[in-house]
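The structure appears below as structure tokens.
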Amino acid sequence: MSITTVATQAFAGQRPGTSGLRKKVTVFQQAGYLENFVQAIFDVVPELKGGTLVLGGDGRYHNRAAVQTILKMAAANGVAKVLVGQGALLSTPAVSCVIRKHGAVGGIVLSASHNPGGPDGDFGIKYNVTNGGPAPEKITEAIYQRTTTISEYHTYSSADIDIEALGEYTLGGMQVVVIDPVSDYAELMESLFDFAAIRAWFASGKRMRFDAMCAASGPYATRIIEGLLGAPKGTVVNGVPLEDFGGLHPDPNPVYADDLVAHLTAADAPDFGAASDGDADRNMILGRNFIVTPSDSLAVMAANATLVKGYAGGIAGVARSMPTSCAVDAVAKKLGLPCFETPTGWKFFGNLLDAGKVTLCGEESYGTGSGHVREKDGVWAVLFWLNLLAVTGKSVEEIVTAHWKTYGRHFYSRHDYEALDIEAANGLMTHLRSQLASLAGQAFGSYTVALADDFAYDDSVDGSRSEKQGIRIIFTDGSRVVYRLSGTGTEGATLRVYLEKFEADTSRHGVATQTALADLIQIAGEVAQIATRSGRTQPTVVT
Ligand code: VG1
Ligand code: CO
């Protein structure tokens with residue numbers, strides 16, 4: 001058993017996207033592909049030498065093989081200790097929690113989140129830094145640059161470690177601890193939420209359905225909701241993580257979690273429904289016959305935070321990604337809280353959270369979180385809502401409709417056009433950019449453009465600037481259309497069109513979302529020439 005240095009050739013295209021490097025499993029299975037990226041991490045983060053690394057993933061196909069490869073490379077690169085989740089499993093928020101709790105230098109998350117899994121599906125890898133959050137662009141870019149010139153990697157030749165059971169091992173000079181993936185996380189949740197109140201809520205006969213979609217949230221939800229909170233067995237469904245997610249598409253939205261939606265609209269619907277994605281950082285919240293839009297969920301959390309144990313002392317401020325609706329802005333304004341607008345992707349919230357400028361953050365893409373970790377957190381969001389239901393005694397629908405009465409309703413929808421021809425999608429964005437200078441002042445039906453720009457973000461903490469983060473067209477009444485190309489897909493390009501319209505009039509809050517947004521949908525299609533340029537007359541996914 002010894003350290004060996006292996007010659008390798010650089011692969012093109014290893015630049016991390018919105019959330020790490022995501023490619024087909026078959027791409028990652030090429031000799032050296034994963035190794036090059038991992039060696040680049042060790043080269044760019046010298047503190048890992050002699051430090052602690054956290055390692056785990058969403059349980060998808062290739063996780064276990066990748067963990068063994070990374071353990072051997074970590075040993076050869078001088079890492080002192082690796083905390084690895086049993087069965088290679090650690091949800092994304094749990095990695096963040098474990099990094100922070102155990103003072104690790106960083107963590108490697110093996111996940112392609114909600115993208116399909118299995119041998120023909122997707123795989124992904126992401127590096128998280130010492131605060132527990134996704135590496136900022138400065139580091140992901142340095143890792144990428146390193147992959148373009150890499151010529152060798154280091155590994156330790158030895159037999160695989162048994163990661164299926166808890167235990168401690170040594171690999172050369174490195175200690176490996178196989179940890180229970182749930183316990184640190186469950187302890188953190190217990191410190192934030194009123195478990196006694198939630199237990200009483202369940203004991204009073206209230207019912208819930210949590211759909212883990214055969215992905216990483218299953219063990220967390222089962223241990224916490226059915227175990228610690230006493231919900232009846234069967235409350236968590238699809239609770240065992242499977243390498244191919246049981247063929248499901250673990251993307252918690254009304255399209256892919258349609259089975260959950262059907263249960264919440266059935267005659268015997270439970271009081272509360274929730275789902276999470278592949279790596280358990282996303283959440284979908286439902287009431288009986290009622291779907292909560294993620295942007296509204298963030299706003300409701302901000303408005304009611306002081307009712308929840310861990311936030312009873314008040315929150316410092318809020319942040320949302322630019323395409324996320326302005327519902328939370330309305331709450332911040334009323335409560336006198338600072339409100340930040342960041343580019344898409346959780347990495348932009350880290351500095352604000354570290355600086356204590358914000359407590360709650362959210363994205364329209366079913367992501368919400370707080371300063372308890374540095375990732376969005378699906379199970380946390382579900383427990384937040386459970387805590388709210390338990391202490392108010394109200395239903396989900398009552399809470400949200402009362403919120404709209406107070407703050408007005410921000411109708412919101414996202415239209416995705418998936419697997420587009422890359423050149424056509426880039427052409428569409430270029431065409432949009434070419435119109436930016438002339439759009440302001442133009443009228444489209446009853447809407448007049450107040451501002452059109454390509455969103456750029458100046459980080460108020462470290463002064464970094466991120467450009468070209470999405471085209472936004474803001475109308476004089478505050479309605480918005482935003483266009484972005486996805487940075488997480490693995491096939492062609494995905495155009496995301498985000499649509500938002502504010503409605504103060506309570507009598508119009510019951511209108512169907514797509515109806516309320518119909519005019520904006522048409523304008524969005526016209527301005528971007530979506531049909532002619534993409535060849536599509538309808539979006540692939542509407543959320
Ligand atoms: C998408 C979402 C974004 C989210 C990202 C990672 O990115 O839009 O809000 O942060 O996924 O989430 P994009 O670039 O495809 O729009 V996850 O749960 O996939 O790690
Ligand atoms: Co995810």
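Listing for the model above:
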| read-out | value |
| --- | --- |
| Options Ala94, Ala112; residue that is within 16 Å of ligand 1 (Cβ to nearest atom), in contact with a Pro (Cβ under 7 Å, 6 or more places away or on another chain) and closer than 27 Å to Val240 by Cα | Ala94 |
| Unique residue being within 22 Å of Val542 (Cα to Cα), within 16 Å of ligand 1 (Cβ to nearest atom) and out of contact with any strand residue (DSSP E or B) (no Cβ under 6 Å at 6 or more places or on another chain) when the list is Gly350, Gly362, Gly345, Gly378 | Gly345 |
| Qualifying residue in region 137-146 (condition: basic (Lys, Arg) and modelled with pLDDT under 95) | yes |
| Hits in region 332-356 (condition: buried (at least 18 other Cβ atoms within 10 Å of the Cβ) and farther than 25 Å from Ile471 by Cα) | Leu337, Leu353 |
| All positions within region 380-404 that are among the small types (Gly, Ala, Ser) and not in a helix (DSSP H, G or I) | Gly393, Ser395 |
| Condition met for Ile285 (closer than 25 Å to Leu90 by Cβ, away from ligand 1 (no atom under 15 Å from the Cβ) and at pLDDT 95 or above) | yes |
| Residues of region 357-371 classified as more than 16 Å from ligand 2 (Cβ to nearest atom) and either surrounded by fewer than 24 Cβ atoms within 10 Å (Cβ to Cβ) or closer than 18 Å to Asp281 by Cα (or both), total | 5 |
| Strands (runs of 3 or more DSSP E) enclosed by region 126-199 - at least 2 residues per element that are open to solvent by 40 Å² or more (accessible area, probe 1.4 Å) and out of contact with any helix residue (DSSP H, G or I) (no Cβ under 8 Å at 6 or more places or on another chain) | 167-171 |
| Subset of region 338-373 (residues that are within 12 Å of the chain's Cα centre (by Cα), hydrophobic (A, V, I, L, M, F, W, C) and part of a strand (DSSP E or B)) | Cys361 |
| Residues of region 261-304 that turn out to be within 16 Å of ligand 2 (Cβ to nearest atom) and among the basic types (Lys, Arg), as a count | 1 |
| Residue under evaluation Ala231, criteria (1) within 16 Å of ligand 1 (Cβ to nearest atom); (2) crowded, with 24+ Cβ neighbours inside 10 Å, criterion not met | (1) |
| Qualifying residue in region 438-447 (condition: open to solvent by 40 Å² or more (accessible area, probe 1.4 Å), more than 16 Å from ligand 2 (Cβ to nearest atom), within 22 Å of Glu341 (Cβ to Cβ) and modelled with pLDDT under 95) | yes |
| Qualifying positions in region 405-434 - open to solvent by 40 Å² or more (accessible area, probe 1.4 Å), in a helix (DSSP H, G or I) and in contact with a strand residue (DSSP E or B) (Cβ under 8 Å, 6 or more places away or on another chain) | Ile422, Asn426, Arg433 |
| Some residue of region 219-231 being over 30 Å from Tyr417 (Cα atoms) and under 18 Å from the mean Cα position of the chain (by Cα) | yes |
| Residue match in region 372-382 (condition: over 24 Å from Met208 (Cα atoms) and either surrounded by fewer than 24 Cβ atoms within 10 Å (Cβ to Cβ) or of a type in the set (Asp, Glu) (or both)) | yes |
| Ala402 more than 15 Å from the chain's Cα centre (by Cα), crowded, with 21+ Cβ neighbours inside 10 Å and among the hydrophobic types (A, V, I, L, M, F, W, C) | no |
| Candidates Ala312, Ala299 - the one that is outside the structural domain of Glu467 (by TED's automatic domain parsing) and open to solvent by less than 40 Å² (accessible area, probe 1.4 Å) | Ala299 |
| Among the candidates Val449, Val396, residue that is among the β-branched types (Val, Ile, Thr), assigned by TED's automatic domain parsing to the domain that holds Lys206 and touching a Phe, Trp or Tyr at 6+ places or on another chain (Cβ under 9 Å) | Val396 |
| Among (1) away from ligand 2 (no atom under 16 Å from the Cβ); (2) at pLDDT 95 or above - the single one Thr537 does not satisfy | (2) |
| Single condition Pro116 does not satisfy, out of (1) open to solvent by 10 Å² or more (accessible area, probe 1.4 Å); (2) at pLDDT 95 or above | (2) |
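The values are calculated or read from the model by the stated rules, or taken from the named source; none is laboratory data. Computed from a predicted structure; not experimentally measured. Note that each Cβ is placed from the backbone with ideal geometry, even for glycine, and that neighbours are counted across all protein chains shown. Ligands, DNA and RNA are excluded from the accessible area calculation, which covers all protein heavy atoms including side chains. Shrake-Rupley method; radii C 1.70, N 1.55, O 1.52, S 1.80 Å.
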